[in-house]
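Report on one structure; see the data block that follows.
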Ligand code: C2E
Ligand code: CA
Ligand code: CA
Ligand code: CA
């Protein structure tokens, strides 16, 4: 940018244009990412806090761009949403994850589960698509319980007919539902009794300062207590230290996910994580 220019707009305008242009280029590149096999699914273990064993994994998407290297989903999921590519990408993640969980239910644990993220835009896409998901599960003889769908609070705040219908269909099929990033979005909790929710995932921002910050500790305890009274299980996100894990276990938290147990990793490396090594 011409930072030294005299015109006071010359600094801002080109950089905004550059950013928009970069987004357009990236969005364009994303069109080829699927067919060029640049997208990969990695898996992060979710352990039972009582045993330390992995009982679940979250599927997380990665994009290895041929020139730019690894690009974060936080950057390209919004692009995929506005270009309509989110459904093709979501179907790719689902196919991979389904195949993986079927395999792990044979080799690791017959009850093993997989968690799949659904952004609000994707969740409101073509119903026929989700019908195919349910059929694919049936074809693989996987019960609904093998799959957890992670959605965010915002989606349920003023849930559209489409959203309500989708949740009912998933629940009827036994598919579990988790509220991702719980506690970061909205003050209303009434959706928790309105919908069939199975898990709350405590956002990592509450877990990060668990030892140092009394109010974060109090919030975690309160979330866990409330969830249990409503019959929901709790997963703590972003657990990086044994001290955090200990506090969460004492507070009655059910599951934990974070670098302490394993970073998101390729399926081939997943089984060598200590929390998977001798799972039941
Ligand atoms: P998320 O669903 O909240 O996923 C958790 C994020 O926290 C992941 O980032 C994970 O790598 C990171 N994380 C896990 N443990 C730790 C820890 O101990 N410390 C810290 N600092 N971070 C940890 P990631 O993989 O970069 O994904 C970012 C977001 O992108 C996800 O947030 C999710 O919203 C979205 N995303 C990822 N994969 C998909 C996908 O397949 N579909 C959709 N719609 N969104 C996805
Ligand atoms: Ca998630
Ligand atoms: Ca349920
Ligand atoms: Ca999260």
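What follows draws every value from the coordinates through simple rules; no lab data is involved. What you see is a predicted model; the values in this text were computed from it and never measured. When we count neighbours, we look across all protein chains shown, and the Cβ atoms used for this are built from the backbone with ideal geometry, even at glycine.
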For the chain, take N as its residue count and report Rg(C-alpha) divided by 2.2 N^0.38 Å.
1.08
Simple label model, 7 Å out from Cα along Cβ direction - residue 221 to residue 140, nm:
4.1
For the chain, built as a Gaussian network whose Cα springs stay under 10 Å, the top-fluctuating residue of 211, 118, 85:
211
Estimated distance in nm for a label pair at residue 250 and residue 103, the labels positioned 7 Å out from Cα along Cα-to-Cβ:
4.0
Given a Förster distance of 22 angstrom, what is the FRET efficiency for residue 186 paired with residue 124, based on the Cβ-Cβ distance and rounded to 0.05?
0.75
Distance-filtered residues of the range 245-280 - backbone nitrogen under 12 Å, label point 7 angstrom along residue 51 Cα→Cβ:
276-280
Using a simple spin-label model with points 7 Å from Cα along the Cα→Cβ vector, what separation in nm is obtained for residue 21 and residue 157?
3.6
Neighbour-count ranking [beta-carbon atoms within 10 angstrom, fewest first] of 253, 275:
275, 253
Say R0 is 22 Å: what FRET efficiency, to the nearest 0.05, do residue 88 and residue 68 get from their beta-carbon distance?
0.60
What is the log10 of I(q)/I(0) for the range 135-280, computed with the Debye formula using one identical point scatterer on each Cα and no solvent, at q = 0.13, 0.17, 0.19 Å⁻¹?
-0.67, -1.06, -1.22
Could you tell me how far the Cα centroid of the range 52-87 sits from the Cα centroid of the range 152-181, in Å?
21
Helix 161-172 against the longest principal axis of the chain: what's the angle in degrees, Cα atoms only, rounded to the nearest 10?
30
Among beta bridges assigned by DSSP with both residues in the chain, the antiparallel ones amount in percent, to the nearest 5, to 40
Top of 88, 57, 19 by mean-square fluctuation, Gaussian network on the chain, Cα under 10 Å
19
A chain fully extended from residue 196 to residue 269 at 0.36 nm per residue, minus the present Cα-Cα distance, gains in nm 22.9 nm
